[in-house]
Amino acid sequence: MEKITPDNIQEIKGKEQIEVEGTDRTPHTVLNQPKGEIIFRGHSLPEDTGAFYNPIKEWMKNYIDNAPETTHLSFDLEYFNSSSFKLLLEIINVISRLKIKEKELKTTWYYKEGDDDMFESGKQLEDLLDIKFEYIIYK
């Protein structure tokens, strides 16, 4: 799997497997088309949210055409800002189009025990998009 930095996120176009290194402002992101695995982990406070997430949205639009039978979408975010919330909403909306292709989408939302705000953020995304999340609590 090719690893890149957030500064080079434009390089994900046309690639099947990519890992974007996480920073204190951007999430560690794994996009693995053959395995049907999409992971966001860490913090999401990019200075330019669109510059970080728009290439991922475009990657996902292409992914849908060649997606395996099941896609695992995983969010393990410790914190994200309101502009990231908006882009996460857009990303989940794009990937939810797998339903049209009759593919399965399994979405997992991890949150720290006692972090009610993060749990509620997951519930809000789930409700806005009418997608079922699996919630996993960790200590």
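The values are calculated or read from the model by the stated rules, or taken from the named source; none is laboratory data. Bear in mind that the values here come from a model prediction, so they are computed numbers and not experimental data. Cβ atoms come from the backbone with ideal geometry, glycine included; neighbour counts cover every protein chain shown. Ligands, DNA and RNA are excluded from the accessible area calculation, which covers all protein heavy atoms including side chains. Shrake-Rupley method; radii C 1.70, N 1.55, O 1.52, S 1.80 Å.
Only one of the listed residues (Ile131, Ile91, Ile136) is of a type in the set (A, V, I, L, M) and at pLDDT 95 or above. That residue is Ile136. Mind checking whether some residue in the stretch 55-64 is over 20 Å from Leu129 (Cα atoms), in contact with a helix residue (DSSP H, G or I) (Cβ under 9 Å, 6 or more places away or on another chain), modelled with pLDDT under 95 and of a type in the set (Val, Ile, Thr)? No: zero hits. Assess whether Asp76 counts as being on the phi < 0 side of the Ramachandran plot, charged (D, E, K, R) and touching a strand residue (DSSP E or B) at 6+ places or on another chain (Cβ under 6 Å). Spelling it out, Asp76 is indeed on the phi < 0 side of the Ramachandran plot, charged (D, E, K, R) and touching a strand residue (DSSP E or B) at 6+ places or on another chain (Cβ under 6 Å).
So that you can scan it fast, the table gives a plain yes or no per residue for (1) closer than 19 Å to Glu19 by Cα; (2) among the aromatic types (Phe, Trp, Tyr):
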{"site": "Phe52", "(1), (2)": "yes, yes"}
{"site": "Phe75", "(1), (2)": "yes, yes"}
{"site": "Phe85", "(1), (2)": "no, yes"}
{"site": "Glu90", "(1), (2)": "no, no"}
{"site": "Ser96", "(1), (2)": "no, no"}
{"site": "Ser121", "(1), (2)": "no, no"}
{"site": "Glu126", "(1), (2)": "no, no"}
{"site": "Asp130", "(1), (2)": "no, no"}
{"site": "Tyr135", "(1), (2)": "no, yes"}
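If you go through the stretch 90-132 and keep only what is of a type in the set (A, V, I, L, M, F, W, C), outside any helix (DSSP H, G or I) and over 19 Å from Ala67 (Cβ atoms), you end up with just Trp109.
With Tyr53, Tyr63, Tyr110 as the choices, which residue is open to solvent by 10 Å² or more (accessible area, probe 1.4 Å), in contact with a strand residue (DSSP E or B) (Cβ under 9 Å, 6 or more places away or on another chain) and in contact (Cβ under 8 Å) with a residue 12 or more places away in the chain? Even if it seems obvious, please write down each step before you answer.
Working: Tyr53 fails: open to solvent by 10 Å² or more (accessible area, probe 1.4 Å); Tyr63 fails: open to solvent by 10 Å² or more (accessible area, probe 1.4 Å).
Every option except Tyr110 fails the conditions.
For the stretch 13-33, taking the residues that are in contact with a Pro (Cβ under 7 Å, 6 or more places away or on another chain) and closer than 20 Å to Leu98 by Cα, the one that is modelled with the lowest pLDDT is identified as Lys13. Can you work out which of the residues in the stretch 49-81 that are in a strand (DSSP E or B) and of a type in the set (Ser, Thr, Tyr) is farthest from Tyr111 (Cα to Cα)? Restricting to residues being in a strand (DSSP E or B) and of a type in the set (Ser, Thr, Tyr), the top hit is Thr70. Within the stretch 66-77, the only residue that satisfies the criterion of being in contact with an Asp or Glu (Cβ under 6 Å, 6 or more places away or on another chain) and either crowded, with 18+ Cβ neighbours inside 10 Å or of a type in the set (S, T, N, Q) (or both) is Thr70. Please go through the stretch 113-128 and give me each residue that is in contact (Cβ under 8 Å) with a residue 24 or more places away in the chain and crowded, with 16+ Cβ neighbours inside 10 Å, ordered by number. Matches in the stretch 113-128: Met118, Ser121, Gly122, Leu125.
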